[in-house]
Structure formats: C-alpha cells, structure tokens
Amino acid sequence: MKNLFQENKDILFLHQKMQPRKKGRYSVILSPQFYWVKKVQLPVKSTAQAKKLAQSVFEGNLPDGDYSYEVNKVGGEFIIIAYDKENLSQLINDYFIDEAKVDAIYFSQYEFSDLDACCAIDSDSSLVNMGGLLIQIPRNCTDPKIRIEDLTQNRKLSRHKIKLGTFEEEAIDKKTFIFTASAVALIFSALVLESIGYKKEAAKIEEQKSRMIQKLDLPATSMQLKSIKNNLYKTYKKQKKLRDELYLFSKIPLKQDEYIRNIELNEKGALIEIKVKDARREKEIRSSLSKKYKIVQSDLKDDILTIKISS
C-alpha cells in the first residue's frame, strides 16, 4: 500500500472566497472564519484540565452545533479553539471536489502564531495578530506587509491538526453510538430504581458527583465552584468587550488610501493610529468616534492621526 505521506502535498490557506480545487493533495490551514477562539486565564494548570472547562468558556457564544475543542497553553493563559466537525467536513467537501484530496486540517491560530505584520489574504481581507489571537479583518482597514502565500510557502506545520479521514465516520457512527448508549443507560437506570430503590440510587449519584469533582480537580464546596464560575464570566465579559471594540473600530468611515495602522487595547481603553489624507479628517474621525467613546487625546503628525480612547 502506498504511503500517503510520501506524496507531494501543497499547503493551502482556506478562506470563504477561495475557489474550489479539483486536483491535488493538500494540507489545509483554516481561516479564523471557520472556527472560534478565545484566550483566557483558568484556575487549572494543565491543558487536559482546561479542556474539561472549554465548553463552559464558550457557553452562550456559539451557534447550534456539536463542538470539539483544542487547547494550547501559552504562558499563564490558555488558547481555546471551538470547531464543529460536521460543518468542517461539509466545508471540505464543498471546496475540494473531483480528484482533490485533503489529508489534514490545521488552524491558522497555531500555524501562524509567529505572524508580526499585517498579511493580505485577497483584495478584500487580511490576517492580523491581535494580542496573540489571529483574526481576519477587512483589507481596507490595514496596511498589508506580506501575502498569505508568503506565510504558507515552505511552512513547517505543527502537531495541532484534525485528521479528515475520521470526519464522515464520526458524524454517523458517533451519533448512533450516543443514541444507543443513552437508551441502554435509561433502561438500566429504570431497572436499578425498581430493584434497589430510590435512596440507594441517590447515594450512588452523590458518590459519582464526588468522583467527578475529584477527577476534574475542582473544589469540593459550592462556594468555591461559584467563585470559579464568576471568574470565568468576568473573563468572558472582558473578551466580549475587546471583540466588540475591534468590530466598531473596523466600521470607522475611512476614505480611499486611508487605513488603520495600529490598534492597542487594554482594560483602560484603546490607542488607534490612522493614516489620513489631510488634516481636515481629524475633526471628522473624532466626531465619528466620540458618538460611542470618550476621546482623551488626539494628535496628527505626518498624516498619522493618533487617538487615545478611555473605556
């Protein structure tokens, strides 16, 4: 049998406007358009423990779906990626047709973590690194220094990949297994309740709860668990605030040849640098931003407008 890894494979960055491929074998790096990512601090030490909390980190923020999670620890924080395997499987079937084959999928968050400049994807969008998170933003808001082809050329891929060969199988067999196992579990529970009685079953459930808390290395008291929940919610609100601000900044009414050169965000506010056409634009942009933000300071030098905003 021929080893697939001995065949020539191209590294391809997949984004929504890419034309379908009909031939070739590919290692695919996903645009941030196709997954969700967060960088958070958690009250655990290992990635295995963090993965058990991943679902609660994204709770209420994902569209309906059956999500899997990838976790990587960077410094004292965890980068958590959420993705829907079934949707990704359909995505690959749509973009790679006829004789085109895909061996594995990678996340741009991991493969391009060294990105330190604005990277042009196409005429409409760019890839940037914002505080350690890779995001795709409109091209007219940036000043691209490199192209996506420069990033993928001779790129050594990481170990963070999804094996495509299991997608279709899991989408069918895993669901069948879950439904069957659930039915068996319900029947078994009914028989136990009838033969042993409610009190003994209740004691067993309480014992399972204690083992689960110990296995996940969680505090035993409800007060401590509530504290963890509150800390996660604070982190969520902070991340949501940053995403909302980035979105609003991307809506700044810029003219042709104008672009956002730099954005710095922190808990106290933001610092934005904008390349403008002339001095008159300072008043117009200040007026637009002041509708939603408190402008602390602005300065125009060499056609670069620097605006400091307070939270």
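Read the figures in this text as sums done on the coordinates, not as results from a lab. The structure displayed is predicted, hence computed values, not measured ones. Ideal geometry is used to build each Cβ from the backbone, glycine not excepted, and the neighbour counts take in all protein chains shown.
What to note about this one:
- Phi to ³J(HN,Hα) by Karplus 6.51 cos²θ - 1.76 cosθ + 1.60 over the stretch 301-311, Hz, x for Gly, Pro: 8, 6, 6, 10, 8, 10, 10, 9, 10, 9, 5
- From most to least packed by mean Cβ count within 10 Å, the peptides 153-161, 25-33 give 25-33, 153-161.
- Pairs from Lys238/Lys291; Lys17/Lys294; Lys73/Lys241; Lys9/Lys238; Lys226/Lys294 whose Cα-Cα separation, in the structure shown, is over 29 Å: Lys17/Lys294; Lys9/Lys238; Lys226/Lys294
- Label positions at Ala117 and Glu77, each projected 7 Å from the Cα along the C-beta direction, are separated by 2.4 nm.
- Put simply, when 123-136, 237-250 are sorted by average Cβ atoms within 10 angstrom per residue, most first, you get 123-136, 237-250.
- Loop-located trypsin sites (Lys or Arg not before Pro) in the stretch 45-87 whose Cβ has at most 12 other Cβ within 10 Å (DSSP): Lys45
- Computed label-point distance, nm, for sites Lys145 and Ser288 using a 7 Å Cα→Cβ extension: 2.5 nm
- Cα-based shape type of the stretch 4-167, given that a ≥ b ≥ c are square roots of the gyration tensor eigenvalues and the cut on a/c is 1.5: oblate
- Rounded to the nearest 0.05, the FRET efficiency derived from the C-beta distance between Ser227 and Asn266 at R0 = 22 Å is 0.30.
- ³J(HN,Hα), Karplus 6.51/-1.76/1.60, whole Hz, each residue of the stretch 289-298, x for Gly, Pro: 6, 5, 5, 10, 10, 8, 7, 8, 7, 9
- Semi-axes of the equivalent ellipsoid for the stretch 88-156, Cα gyration tensor, largest first, Å: 24, 14, 12
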